Amino acid sequence: AFEHLLRQCIEGGISSGELRPVDPAMAGRLLLSGLNQMARWYQPGGRLQAAEVMDQYLDIVMMGLLHRAGPPAQNTAGS
């Protein structure tokens, strides 16, 4: 049920143009996998509160890991 609801949300974001076109099933599985694994390693009272972990997860998933300006310029010294 959670996966179906999440897929619908992703599909809605794609339809509205807020999200780029990706496979909603794969995107949903990625998100749910990350969330489900949190229970295995998260320590209450640790460095981050659960809400902070979620904020970081969402930031990484929604914004990615790469700088949007593109990859760094290649060092062409000596070429």
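The values are calculated or read from the model by the stated rules, or taken from the named source; none is laboratory data. What you are looking at is a predicted structure, and each value in this text was computed from that prediction instead of being measured. We place every Cβ from the backbone using ideal geometry, glycine too, and count neighbours over all the protein chains shown. Just so you know, the surface numbers come from the protein's heavy atoms only, side chains and all, with ligands and any DNA or RNA stripped out. Shrake-Rupley method; radii C 1.70, N 1.55, O 1.52, S 1.80 Å.
Specify which labelled value, from (1) 19, 14, 12; (2) 29, 22, 11; (3) 31, 18, 7, agrees with semi-axes √(5λ) of the Cα gyration tensor in Å derived from the coordinates of the model shown.
Label of the calculated value: (2).
With all protein chains present and a 1.4 Å probe, how do Glu18, Glu3, Glu11 order by accessible area, largest first?
On the way: Glu18 150, Glu3 65, Glu11 85 Å².
Heavy-atom accessible area, descending, gives Glu18, Glu11, Glu3.
Let's see if you can work this out: charge +1 on each Lys and Arg Cβ, -1 on each Asp and Glu Cβ, no other charges. What is the dipole magnitude of the chain about its Cα centre, in debye to the nearest 20? Walk me through the numbers before you get to the answer.
Numbers: 6 positive and 7 negative charges, 40 e Å.
Value, rounded to 20: 200 debye.
Tally up the carbon and sulfur contribution to the accessible surface of the chain as a whole percent, 1.4 Å probe, everything protein left in place.
59 percent
For every other residue with a beta carbon closer than 12 angstrom to the beta carbon of Leu30, add +1 if it is Lys or Arg and -1 if Asp or Glu, then tell me the sum. List each step's numbers first, then the result.
Details: positive: Arg7, Arg29; negative: Glu3, Asp23.
So the environment of Leu30 carries a net charge of 0.
Could you work out the local net charge near Ser15, counting Lys and Arg as +1, Asp and Glu as -1, over the other residues with Cβ closer than 15 Å to its Cβ?
Surrounding charge for Ser15 is -1.
Would you calculate the separation in nanometres between label points at Leu66 and Gln8, each defined as 7 Å from the Cα along the Cα-to-beta-carbon direction?
Modelled inter-label distance: 3.3 nm.
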